[in-house]
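Take a look at the structure set out below.
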Amino acid sequence: MKTAPTADLSRLRERRWPPPASMSADHAVTQALYSGDWTGGRYTLTAEATLRELTGAPHAIAFQSCTAAIHAALLAHRVRADTPLHTPAFGFAGTLTGAAHIGARLLYHDVDPNTGNSVDPLAGPGAVILTPDLHGVPHTVPRDPDITVITDSCQSLGTLVDRQHIGATGTHCWSFSATKLVSAPDGGAVTTDDERLADDLRQLRDYGATPGGVRANALITRPGHNWRPSELSMAIVADELTNRLPFVAARARDIAARVRVTLAEIGLWHQDVPAGTEPAFHKIRTGLPGHPASTVDRFTAALADAGVPYHPWGRIPLHEHPIFAPRRPDNLRAPVATNLARTTVCLGTESCPPWTWTDEETELLCHTLESIMETVL
């Protein structure tokens, strides 16, 4: 047994995120406040330009939320009522909210038991796939010119592949909500390497009005929405993408790397990471897939008794939500997704996520997990 460090796990239940505004963010919000431009102004353009530079994508279109961004991306990719949409059964409702509004035909796939990410559905030409990068680990669905892949990248801001930020190619939807590494009152974006798609997205977020004219007098050529982001939120996003994200993402990678060493040593499940990938883990997920429910219950009870904060994110698989009901008989079961949902948890809380922990707190948590597993199995 290692000597326990001196720290207090109870402090990991305090609110540390979102963080206090920096002086530069405070200045940007003040400038936006007095500019008189509430939408579509300087800071929306700056946030879009910064996201292009970060990801390497040729186009970035800001939205009021990632949920709206995914909804718009589906519409721009010509998903309509009853369009077959391939998607994993494990994740968060926000990925599929737009699809449910559209009335897409949800074709669920089970997930990789080692990552929790979507398994390649081997869909035929013309297929549309909507899949997340679960907790910051990029999915491995291959790019195919005959298949459309829309990635919900809400949890992968800051993730690197071969030392480059993900998102340079394809369609990626990003989140800047209060629980993300870039944390604003709300906000989202789509990046894409498709110019036609980028034009469609700009039109869809602005009532469907033809670009370039005065909105109130523009010709409405397609059903759009008022999905424009607030300049106040975009002022924070623009500042944090530049001044906070590099440090927070590095911290998220470092803390997760330390915890994952312990998880591997004591036999707890944790997500595999593809070669060359450095996830900025949005969540550190662990648990006991494949073990009896009684063992899983002992594990979570021991976490609670020891004061280890955790939350059961994604406890109900998506195909079990009535609003996201499967649309074909063979989608009624997804055993791996169901097992991961019910036997794993995320360490920390959304108001005190792992990247806010000190080194000493991280060591104490790892030591506590070692002690717990000596009694659980």
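Tell me, which residue of segment 125-140 that is open to solvent by 40 Å² or more (accessible area, probe 1.4 Å) and more than 12 Å from Thr83 (Cα to Cα) is modelled with the lowest pLDDT?
Taking the candidates together, the pick is Pro125.
Please enumerate the residues belonging to segment 50-67 that are crowded, with 23+ Cβ neighbours inside 10 Å, in contact with a Gly (Cβ under 6 Å, 6 or more places away or on another chain) and small (Gly, Ala, Ser).
Scanning segment 50-67 gives a single hit, Ala57.
Of the residues in segment 50-94, how many are free of Cβ contacts under 8 Å to residues at least 12 places away in the same chain and over 23 Å from Gly224 (Cβ atoms)?
1
Can you tell me which residue in segment 12-49 is surrounded by the most Cβ atoms within 10 Å (Cβ to Cβ), limited to those that are in contact with a helix residue (DSSP H, G or I) (Cβ under 7 Å, 6 or more places away or on another chain) and closer than 30 Å to Leu347 by Cα?
Here the answer is Leu12.
Scan segment 269-291 and report the pairs whose first residue is surrounded by 19 or more Cβ atoms within 10 Å (Cβ to Cβ) and whose second residue is polar (S, T, N, Q) and in a strand (DSSP E or B), with Cβ atoms within less than 7 Å and a gap of 6+ or a chain change.
Between residues of segment 269-291 that are surrounded by 19 or more Cβ atoms within 10 Å (Cβ to Cβ) and residues that are polar (S, T, N, Q) and in a strand (DSSP E or B), the close pairs are Trp269/Thr286; Trp269/Thr344; His270/Thr286; Arg285/Thr344; Thr286/Thr344; Gly287/Thr344.
Being surrounded by 22 or more Cβ atoms within 10 Å (Cβ to Cβ) and under 30 Å from Ala99 (Cβ atoms) narrows it down to one residue among Pro312, Pro322, Pro317; which is it?
Testing whether each residue is surrounded by 22 or more Cβ atoms within 10 Å (Cβ to Cβ) and under 30 Å from Ala99 (Cβ atoms) leaves just Pro317.
Would you confirm, using the coordinates I've provided, whether Arg244 is open to solvent by 30 Å² or more (accessible area, probe 1.4 Å), touching a residue at least 12 places away in the same chain (Cβ under 8 Å), over 25 Å from Gly170 (Cα atoms) and among the charged types (D, E, K, R)?
yes
Tally time: how many residues in segment 262-294 are part of a helix (DSSP H, G or I) and of a type outside the set (Gly, Ala, Ser)?
Here the count works out to 4.
Could you tell me which numbered condition Gly224 fails, if it satisfies all but one of (1) modelled with pLDDT of 95 or more; (2) out of contact with any His (no Cβ under 8 Å at 6 or more places or on another chain); (3) open to solvent by 20 Å² or more (accessible area, probe 1.4 Å)?
(1)
Among Arg143, Arg105, which is modelled with pLDDT under 95, open to solvent by 30 Å² or more (accessible area, probe 1.4 Å) and touching a Lys or Arg at 6+ places or on another chain (Cβ under 7 Å)?
Arg105
Can you give me the number of residues within segment 185-214 that are surrounded by 15 or more Cβ atoms within 10 Å (Cβ to Cβ) and either of a type in the set (D, E, K, R) or in contact with a His (Cβ under 9 Å, 6 or more places away or on another chain) (or both)?
Residues meeting the conditions: 17.
The values are calculated or read from the model by the stated rules, or taken from the named source; none is laboratory data. Bear in mind the structure is a predicted one, so any value in this text is a computation, not a measurement. Please note: Cβ atoms are built from the backbone with ideal geometry, for glycine as well, and neighbour counts cover all protein chains shown. The area values use the complete protein model at the heavy-atom level, side chains included, leaving out ligands, DNA and RNA. Shrake-Rupley method; radii C 1.70, N 1.55, O 1.52, S 1.80 Å.
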